[in-house]
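No lab work stands behind these numbers, since they all come straight from the coordinates. Remember, predicted model here, so these are calculated numbers, not experimental data. Here the Cβ positions follow ideal geometry from the backbone for every residue, glycine too, while neighbour counts run over all protein chains shown.
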């Protein structure tokens, strides 16, 4: 027997559909060019539906980013859990990301646009920083596992190393946008191999 969706179910569905529409629109048009009216229209709702779920365009963008972080972290943890070693898992993730090059450049562009927006609006910095840190947690866990498996000590905290690793990846993606011939699919994997090998060296 099918149960009719509750009001909470309908609200959750509306919110999810608005987030999905916003993700698509932000990735195509950017943060500043995207309007809440466009997002509502794309999702098949009124602008009032957007405001009943999100307090502002920034709040909507954060919801998109939060969904991406949660989905990404779950995928990273699943890949690492299935890998024989942390090194193998991390390299597989880097290779997978490199294989998707050019497929998510719209998100990369709007992410950087929003990052600069946050720098000019300090009231959003704490929320952005918390999400950014959350995204790096699976990599920090992988580095701790890598050190345990190899029997060596990390030269600094796993969180610091993971932050540096992700920052390097973001920078490499930016370089790829302007120098695609230099930043080929194999470069990210090779750089990660060097990074992991450097951690393993005795001190």
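Remind me, relative contact order of the chain in percent, using alpha carbon pairs under 8 angstrom and six or more residues apart?
With pairs under 8 Å counted, the relative contact order is 22 percent.
Quick one: grab Rg to one decimal and Dmax as a whole number for region 1-54, Cα atoms only, in Å.
12.6, 46
Using only Cα atoms, tell me the angle between helix 105-120 and the longest principal axis of the chain; keep it within 0 to 90° and round to the nearest 10.
The angle comes out at about 80 degrees.
What is the calculated FRET efficiency for residue 168 to residue 99, with r their C-beta to C-beta distance and R₀ = 22 Å, to the nearest 0.05?
Once the sixth-power term is evaluated, E becomes 0.75.
Counting other beta carbons within 10 Å of each residue's own, what order do 45, 65 fall into, fewest first?
If I rank by nearby Cβ atoms, fewest first, I get 45, 65.
Given C-alpha coordinates of region 84-148, what is the ratio Rg to Rh with the Kirkwood estimate of Rh?
1.09
Rounded to the nearest 500, what is the chain's calculated 222 nm mean residue ellipticity when only DSSP H runs of at least 4 contribute -39500 (n - 2.57) each, over all residues?
After summing the helix terms and dividing by residue count, I get -26000 deg cm²/dmol.
One-quarter of the Cα convex hull surface for region 62-196, in nm²?
Its average projected convex-hull area is 8.5 nm².
Based only on other Cβ atoms within 10 Å, what is the fewest-to-most ordering of 55, 157, 97?
The fewest-first ordering by Cβ neighbours comes to 55, 157, 97.
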